[in-house]
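What follows is a single structure, written as structure tokens, with notes after it.
The values are calculated or read from the model by the stated rules, or taken from the named source; none is laboratory data. Note that the structure is a prediction, hence the values are computed from the model and not measured. With ideal geometry, Cβ positions are generated from the backbone for all residues, glycine too; neighbour counts draw on all protein chains shown.
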Amino acid sequence: MTRYGQIGWRLAAVAAFVGTAALAVALTRAPAHDGVSLSSEVSARVCAPSGLQAWLGLGTAGTGATGATGATGEAGSGPVAGTYYTLEFTNVSDRPCSLFGYPEVSAYVDSPKARIAIGLAAARDTSVRPQPVMLAPGATAHAALRVTVQPANCAKVTAEELRVALPRQDRPAIVPVHMTVCSQKGQVSLSVQAIQARAGVPGYPLRP
């Protein structure tokens with residue numbers, strides 16, 4: 001074999017080794033995207049409270065279509081009358097983010113010393129299946145909120161605000177309201193569905 005032939009053979013061997021090593025590195029790193037790396041990327045897209053504006057859509061009286069199982073574990077046997085609102089969530093940040101699941105909703109009333117929670121937190125209306133919702137900057141998603149005042153003889157109180165905590169978030173948003181709820185101990189006046197894509201009502205956020 002000539003000198004140039006030996007050099008050519010060595011270069012080809014080196015190239016083959018480099019290609020094999022690169023393939024081995026790629027195959028070694030690939031599974032990482034199925035674990036921690038992918039999880040970190042997804043969690044980084046979760047909407048932060050500071051990047052969302054929560055507001056209440058207009059209420060309408062009506063009858064629900066279901067007997068859904070709520071947080072109390074009791075399943076309704078038929079349609080439930082009440083006032084229906086939409087909790088709206090607008091992405092006011094400059095980046096897309098994601099929402100998933102049920103918001104936690106509680107009604108509050110003002111007192112001379114502090115804000116006081118009225119009744120129990122909203123039950124989960126499972127008639128809507130939770131789905132991941134991606135929000136582009138300026139986009140709005142919503143969750144349907146039903147308010148019922150039962151039994152008829154319960155002590156009625158006018159709630160002045162809702163505290164709405166998004167899934168996987170600790171800090172609640174404060175939404176000014178003026179709605180009648182039942183203050184009877186152990187009574188659930190509110191039920192909420194999972195967050196859904198698109199705005200629930202036309203218009204703009206209500207200002208306090």
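Per-structure values
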quantity: So R207, is it of a type in the set (K, R), modelled with pLDDT under 95, closer than 16 Å to T90 by Cα and not in a strand (DSSP E or B); calculated: yes
quantity: Condition check for T140: of a type in the set (S, T, Y), closer than 22 Å to T60 by Cα and in contact with a Phe, Trp or Tyr (Cβ under 8 Å, 6 or more places away or on another chain); calculated: yes
quantity: Enumeration of residues in the range 120-179 that are surrounded by 15 or more Cβ atoms within 10 Å (Cβ to Cβ), in a strand (DSSP E or B) and not hydrophobic (A, V, I, L, M, F, W, C); calculated: R124, T140, H142, R146, E160, E161, R163
quantity: Pairs where the first residue, in the range 165-188, is in contact (Cβ under 8 Å) with a residue 60 or more places away in the chain and closer than 13 Å to S106 by Cβ and the second is polar (S, T, N, Q) and crowded, with 19+ Cβ neighbours inside 10 Å, C-beta under 7 Å, 6+ apart; calculated: V181/S189
quantity: Residue match in the range 170-189 (condition: within 18 Å of S50 (Cα to Cα), in the same structural domain as L99 (by TED's automatic domain parsing) and modelled with pLDDT under 90); calculated: yes
